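*Asks:* A single structure is presented below for examination.
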Amino acid sequence: MSDHEGTQLFHQTMPFTERLGIEVLEHSPQIVRSRLAWDPTLCTLGGALHGGVLMSLADATGAVCAYLNLSEGKQGTTTVESKTNFLRAIRSGHATATARPLHAGRSFIVVETEIRDDEDKLAAKITQTQAVL
C-alpha cells in the first residue's frame, strides 16, 4: 500500500519527513495521502502524538499537494499560512493525512488536509495557503 515514489519525493525534498518516519500512501494532483506511526518519542506526557508532529505531517502532505498543482513553469511553493483544529488525540497506530487542493491559482494554492486515526476518526483539520514561487 506504500507509494515508494511519493515517499522518496517527501524524503528528498523535505529530509525532516524521513526523520519523522512519514510514509506516502498515494500522491497525485487531486489527493496526497501520507501517514506516520505512533511512537512514544513523538508524544506528549499523556501518550498522545504531539500537535507539532501532526502539524508537520499536515504541512508536508499539503506542501506536496500544492507542488503537484503548480502551473507550468513554476518552481515550488512555500507555506505562508496554516490553521489547525485539533479534534481528538492519537494514542496508538497511525496518523493518516489526506490533502486536497481547494484553490490552485497563479500566486497562491490553498490546501485542506484531514488527519485521521486508524479507526478513521477525524483528529485534526488543517487549511494552509502556499505561495507559488
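The values are calculated or read from the model by the stated rules, or taken from the named source; none is laboratory data. For clarity, every value in this text was computed on a predicted model and none was experimentally measured. Note that each Cβ is placed from the backbone with ideal geometry, even for glycine, and that neighbours are counted across all protein chains shown.
*Asks:* Quick check on my filter: what residues within segment 39-51 are free of Cβ contacts under 8 Å to residues at least 12 places away in the same chain and either buried (at least 20 other Cβ atoms within 10 Å of the Cβ) or in a helix (DSSP H, G or I) (or both)?
*Replies:* Within segment 39-51, Pro40, Thr41 meet the criteria.
*Asks:* Okay, next question. Looking at (1) closer than 20 Å to Met1 by Cα; (2) surrounded by fewer than 13 Cβ atoms within 10 Å (Cβ to Cβ); (3) not charged (D, E, K, R), which is the only condition Gly105 fails?
*Replies:* (1)
*Asks:* Pick from Gly6, Gly47, Gly76: which is at pLDDT below 95 and out of contact with any strand residue (DSSP E or B) (no Cβ under 6 Å at 6 or more places or on another chain)?
*Replies:* Every option except Gly76 fails the conditions.
One line per residue, one yes/no per condition, for (1) assigned to a strand (DSSP E or B); (2) not aliphatic (A, V, I, L, M):
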site: Phe10; (1), (2): no, yes
site: Val24; (1), (2): yes, no
site: Arg35; (1), (2): yes, yes
site: Val53; (1), (2): no, no
site: Gly62; (1), (2): no, yes
site: Leu70; (1), (2): no, no
site: Arg88; (1), (2): no, yes
